[in-house]
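The next block holds one structure in the form of structure tokens; read it before the comments.
The values are calculated or read from the model by the stated rules, or taken from the named source; none is laboratory data. Because the structure is predicted, anything quoted here is derived from the model rather than measured. Backbone-built Cβ (ideal geometry, glycine too); neighbour counts: all protein chains shown. With ligands, DNA and RNA removed, areas are computed over all heavy atoms of the protein, side chains included. Shrake-Rupley method; radii C 1.70, N 1.55, O 1.52, S 1.80 Å.
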Amino acid sequence: MSNIPPVLEELYLKNLKYFKEKNPNIYEVMTKVTPDNCKITISDNGEVDLIYKGRHIYGGNAIKYVEDEVQEFNQINTAGVRRMAFQLPYPDLYTVPRFFQRHLKETVTAMYNEANEPLSNTLKHEGHYDLLVVMGIGLGLHISEVLDRLDVQNLLVLETDFEFISLSCFFTDWEDIYEIQSPTKGKSITIIAVNNNDPEVEQGSLWNELIKRAPHFPYNTVFYNHGRHKKYGDIIKKISEDQKMFLSLWGYWDDEVSQLNNITYNLEKIIQPNSLLIPARNTFKWDKPVIICGSGPSLDKRIDQLRSIRDKCILISAGTSLLPLLRNGFKPDFHMEMESDYSVYYSLANIEDKSILKDIVLITGIQSTPSITNMFKSAHFFVKDSSATGGLFEKQEDKLRDPTPTCVNAAYSFALHYNADEVFLFGTDFGFYEKKENHSKDSIYNIKNEYTKKINQRNNRNINNSFQSQGYFGDCFTTNIYFTTKRRIELSTKVKRYYHQFNLNNCSDGLIIDGSNRVDADTAINIEIFNEYDTLENFMSASRKIDINVKKVIHDRVIESIHDLANSIIPALKSMKCTTLETSKICWSISDFISAAFHKKYGDLNYFIRGSIWHYLLTGYSISYAVNPAVRENVIDIWRHRFINLLEQMPERLNDVINRERNSEDPSLRSTIRDELDGF
């Protein structure tokens, strides 16, 4: 450090000492990284610049650069009102007539009534930043400048080049930064350091931090792109595109309780006596290419192409694709269902010749409705990676990864779970070019009878709320659930290819699927099979059973976790002040508790309650910012008391469901989520 001015050397050594004690990861970066690509210049009059790979980052004057940059950022973001990309929660959003959604609807209704005015998706932030994400550390000068000028409650900093982290320690007093953002002041700071040239890894590292911070992310997150870095701009754009996907994956208590009810019955009455848990991951592998079939509109145009390769592949029908496949003379090897809702039975009830199902193996989530298992040759259950109770009896590596939100995701996860080398997608459009042609003509969505009424009503609501995204033939209509399905296919593909190389062939015409090989409808597909085994027999022989006292294990752990959660959150809610700042703090602390301490203690049981808590936090957080300040205190107070009331009721209600005596005719096993049900 002989060429470094003593004052900067002293600051570096101070930071080194501080990070060694407070943040060992950053300390390790400082001690192991040398600035091979960076050079600091200091002019005779003290102006500092950073040269990175031959390029002057700050134009010769770092201080002036960051002052101007922060000033510009401040001018853009201090208008006092920020329009949000998401619709504000409103009473009619919650349509399920069960305990949680009914409770939340009553809460939102009371808040709107107290506000006494129409509310829009605007956030009156008054120059305060609840969650600011700074992309790039640079020399750290802009971070000091931001905190000098702006009130930031929670600060995330992403840096993807460790050289910058090390150099910033010569110019930025990080101990001061951490003191400004001290938890004792109700604030926080997190540095996300990723020394990787893969933008997907960098984006994933930031994403994994952001999703722990609901409802601030995605509802009230502001990004600061230091130096207008193109790579960081691309990351911000991608994260913004995936925000709706994140929201759509939040679970509800009512769904989780319904699934738990099914799981208890399935484990006690079906799985344990019959060895019907899918094989462990390392005990089975596909010996043929795998076809996954959805019920998108392009399926009708691809029937001959599908027929040309059917006999050389394993065919998996996903959800509503089973009916059009059967009508066109195909008999799948496996059929995938995932939903816990009884509406799945209504869908299968439309199959004209149900005897053919006795030649098909059903693959279904352990939370699925028991009513469909006897319809098939055999039923084999899987545990999804986000299953709250699955961790009580299934190893993490044997769970299906990312099998939600649709049956296509589950079928794709099933194929990748056993290392398929070649996957073909048919009817997986995830969109449509004409709103009247949104599914295969032979699907359940083009049948009108007592079984399909509710299914088609839900489909029509989705179609009416569609938006456009890029398709293979131009703009393509899609919905939140379809777009989420598509994005999860893409993410699953990228993750799997880190461990296993495979070909993904998209024989569909809707949304573009990144990472897939596009196959035109008139393209001949050639497949060679070298080692052919009896796939079904191998699969059956590797299936498993479990031997546990299911009801006792679930009761002891799940009830305990909900009691613990309520006892941890209620005191903080009772003592909070009814201001937006306090609401933001309490929402942040509750979300942090769930993702950290609660998750550490209870593991996957975190998934049982997390989404519901996020929904309630989002309601209080977003509406408190949208209302007139004159009524804000009363609106927040309504939310606070209602939230406490919810938490007080949850343990006893859950206890009643778990200890319920069930048989195959139990109404709780034969009702859809939109049916009112006593005790649920």
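Brief remarks follow.
- Simple Cβ-charge dipole of the chain, Lys/Arg +1 and Asp/Glu -1, about Cα centre, in debye nearest 20: 1140 debye
- At R0 = 30 Å, FRET efficiency that the Cβ-Cβ distance of residue 464 and residue 83 yields, to 0.05: 0.85
- Computed from backbone phi, the HN-Hα couplings of the range 601-611 come to 7, 10, x, 5, 4, 3, 5, 5, 10, 4, x Hz, rounded to whole numbers (Karplus: 6.51 cos²θ - 1.76 cosθ + 1.60, θ = phi - 60°; Gly and Pro given as x).
- Percent RCO, i.e. relative contact order, over the chain, from Cα pairs under 8 Å lying at least 6 residues apart: 17 percent
- Test item: Cα-centred dipole of the range 276-421, Lys/Arg +1 and Asp/Glu -1 on Cβ, debye: 280 debye
- Modelled FRET efficiency - R0 25 Å, residue 120 with residue 634, Cβ distances, 0.05 increments: 0.80
- GluC sites (Glu not before Pro) within the range 314-420, DSSP loop, no more than 14 other Cβ atoms inside 10 Å: 352
- Where labels lie 7 Å past Cα in the beta-carbon direction, separation of residue 355 and residue 207 in nm: 4.8 nm
- Backbone N within the range 200-224 under 20 Å of label point (7 Å from residue 593 Cα along the Cβ vector): 211-217
- In the range 427-479, trypsin sites (Lys or Arg not before Pro) in a DSSP loop with at most 15 other beta-carbon atoms within 10 Å: 435, 436, 441, 448
- Among residues other than residue 465 with Cβ under 15 Å from its Cβ, the summed charge is +3 (Lys and Arg +1, Asp and Glu -1).
- Extension gain for residue 582-residue 480 works out to 33.5 nm (0.36 nm per residue, less the C-alpha to C-alpha distance).
- Model label points for residue 453 and residue 497, set 7 angstrom from Cα along the Cα-to-Cβ axis, are 4.7 nm apart.
- Cα centroid separation, the range 309-357 to the range 465-540 (Å): 19 Å
- Taking the DSSP bridge list for the chain and keeping only pairs wholly inside it, about 30 percent are antiparallel.
- Residue 537 versus residue 664: modelled label distance in nm, points set 7 Å from Cα along the beta carbon direction: 3.0 nm
- Pairs over the 23 Å Cα-Cα cut-off, from the set 384/454; 384/600; 17/601; 269/545: 384/454; 17/601.
- Compared with the alpha-carbon gap, the fully stretched path from residue 518 to residue 90 is longer by 150.0 nm at 0.36 nm per residue.
- Protein heavy-atom surface of the chain, 1.4 angstrom probe: 46% of the accessible area is carbon and sulfur, with nucleic acids and ligands not counted.
- Rounded to the nearest 10 square angstrom, residue 574 shows an accessible area of 120 square angstrom against a 1.4 Å probe.
- Per residue accessible area of the chain, 1.4 Å probe, in Å²: 43 Å²
- Of the residues 263, 243, 27, the one whose Cα sits farthest towards the positive end of the charge dipole of the chain is 263 (charges of +1 on Lys and Arg Cβ, -1 on Asp and Glu Cβ, taken about the Cα centre).
- The order of the peptides 135-143, 174-182 by mean Cβ neighbours within 10 Å, most packed first, is 135-143, 174-182.
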